[in-house]
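Asker: Take a look at this one; I'll ask things after.
The values are calculated or read from the model by the stated rules, or taken from the named source; none is laboratory data. Computed from a predicted model, the values in this text were never measured in an experiment. Please note that ligands, DNA and RNA were not included when accessible areas were found on the heavy atoms of the full protein model with its side chains. Shrake-Rupley method; radii C 1.70, N 1.55, O 1.52, S 1.80 Å.
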Amino acid sequence: MDGGSGHGFVPPSASFDKSRVLDIKPLRSLVPVFPNPPQAPPFVCSPPFGPFPPGFTPFYPFSVAQGPESSPELNQHKTPTGATNHETPISASANLFRTPPHFPGVVNGDAETSREYGVQFLNENSNMGVKQDGFFDDPKRAAPHLRASNSSRKKAKKSKDVDISLTVDNEKGSSKNFVMRFDSLQLDDGNREMVNYVLMTFDALRRRLSQIEEAKESPGGGIKRADLKAANILMSKGVRTNMRKRIGVTPGVEVGDIFFFRMEMCLAGLHAQSMAGIDYMFVKGGLEEEPVAVSIVSSGGYDDDADDADVLIYSGQGGNVNRKDKQVADQKLERGNLALDRSFHRANEVRVIRGVKDVVNPLSKVYVYDGLYTIQESWTEKGKSGCNMFKYKLVRIPGQPGAFAHWKSIQKWKEGFSSRIGLILPDLTSGAESIPVSLVNDVDDEKGPAHFTYFPTLRYSKSFNLKHPSFGCNCQNACLPGDLNCSCIRKNGGDFPYTSNGILVARRPLVHECGPTCPCIPNCKNRMSQTGLKVRLEVFKTNNRGWGLRSWDPIRTGTFICEYAGEVLDKVKVYQERDEGESNEYLFDTTHVYDNAFKWNHEPGLLDEEPSAEPNEYYDIPSPLIISAKYVGNVARFMNHSCSPNVFWQPVLYEHNNESFLHIAFFAIKHIPPMTELTYDYGMLQSENYEVQSNHTPNGKKKCLCGSSNCRGYYG
């Protein structure tokens, strides 16, 4: 092939269609796979995509089925509805000719994989699989406990699959071997499932690293960067996606997605620079390659004008900005500045990520992906320091979903500059919560839900006795990570269940918190579920599912949202009411069958830990708990069901005077952008147990309206 590496040479005497070969864009380095003599036939020349003679194995890219999905073009991206694509066609041959990535200790797979998912979990003895979002295809056969085995790698021939061996434990203690399969093509071009998997894996690993580091911290020690460590581990093992730079849409990343760490954007392929605000790539422009911008991050490091939701005045980079964010030299037309200038002339789309202050931690930022912009103007002006800087006016392409505009609206609501449309009550809790919860209906004329009494926690009629009662911890100030003298930490297996900023580290069979008997201070981090709401919530009227719950604030993975408050009911009474035909839509029942098979905890193998370092994700509830929020309850009663929820429940236990009290706390499965409905899985009724109690087979399954791609059609 002309211009190739030489590995693809074909004898001139062979008969083939030269035009077809020349149309195939070669890799920079190809090593053909020749059959081992003497069993194999002699080397022959075959058409690029077959048919191939027996014993001949095609090599990449000829081993990949050809079609629109298997050969994506670099600049082939979606243009938002109502937008016009002004981009000049760009040839980026340097990226198309790139060698497939190599992962240390991992070889390419040999098994076929579905193009729909970039990651699968395959049983070596069956067809059972797990989708990338972690939900098993068959919940009844789902395995709760996955751990990576770095010592076992499945060797393979084809370049499109990367396999990692896993061991899976079930509730009965037996194990099965699984294979976590990455499609190497989707490492370059991801999808929603792949992006979610990578980000979930990153955050689980980051939480575990934070837990380990905080247990080692001395009182005056500095906080370690667990996010950088986690990202470095995943990148070294090839756990990332969208590695191929592109102009326009990043596959699997949606407008409005939020990120709490710059490294998350790197792993997802949205913005490859961990520190620089301008990401760019080189493309052919005339006789030479030139840089064009693909994405920018506006986070306040320069004199940006970011108040307008649809227009961004972006400052160039450079000028040796000092620690006080003061520019000390003129900026130069090079690197990112040059890329923005070329993008202005080419009118290509640029992804814009806006950084805003985190309401929970004002010293940190939250990054929101605001969609595609084009550069409309470019000029030079004097900055506040008196030095020249480049300015670029970026205008948002119309027709995209709202993202940063939501943040601006919420900011005005909080500051009282504008009223919330459809506001019925500014605080339906009447002061019962430290943070008000508004009631809003901008759909129809309904004035609110049926009357109920707001109560922020559980009403227990009786407690249950502990098998091994204790009197709480002996900590005089706050319980500290790594302090094994604390009895509450010992109950949690020696690990503090929360990070220093109150994030749940891992799902557990049971989280033990400090109770009223413990002498530690009221704001001890091990009382996280007892300290009330952490974010500004809103009860709102949905289009087709009654009332729902959402947040004005961004919610970070593992953040405590609320507990399920209400009256604890006797199981016999609940069955009796069901027999009599009484309907109670505000019921939480731990005896339901829940799809708790999604993977949320970290993989111990990524840290070379023993499998026992990962807590079992199956719940171990001392006694069944049924809660009714029909007449007494809190905001949790308004959370709707979803087959693809963004919230999960965790049983939490704390003691008071030798009595045990079980609570149900809700935590975020993943990062949740503002104004996104909060949902959890309602589960399914255990019909066998129900028949024993009431001699009546229930047929009260409800039609599911969640609209998820994983919707099972019903619940309850």
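Asker: Hey, what do the phi angles of region 254-264 turn into as Karplus ³J(HN,Hα) couplings, whole Hz, using 6.51/-1.76/1.60 and θ = phi - 60°, x for Gly and Pro?
Answerer: Whole-Hz 3J(HN,Hα) from phi for region 254-264: 9, 4, x, 4, 10, 9, 9, 9, 4, 5, 5.
Asker: Using only the alpha-carbon atoms, what does region 240-323 span along each of its principal axes? Please give whole angstrom values in decreasing order.
Answerer: 36, 32, 27
Asker: Once the whole set of protein chains is in place, how much accessible area is left on residue 224, using a 1.4 Å probe, in Å² to the nearest 10?
Answerer: For residue 224, solvent-accessible area is about 100 Å².
Asker: Okay, moving on. May I ask which of 229/365; 525/702; 534/702; 365/525 have a Cα-Cα span longer than 30 Å here?
Answerer: Pairs exceeding 30 Å: 525/702; 534/702.
Asker: Now a separate question. Taking amide H positions as placed in the peptide plane 1.01 Å from N, state which residues far from residue 280 in sequence (5 or more) or on other chains have amide H under 5 Å from it.
Answerer: Those lying under 5 Å, H to H, from residue 280 are 294.
Asker: While we're on this one: Want the number for residue 329 to residue 192: 0.36 nm per residue separation, take away the alpha-carbon distance, what's left?
Answerer: Numbers: separation 137, 0.36 × 137 = 49.32 nm, distance 4.24 nm.
That works out to 45.1 nm of additional length.
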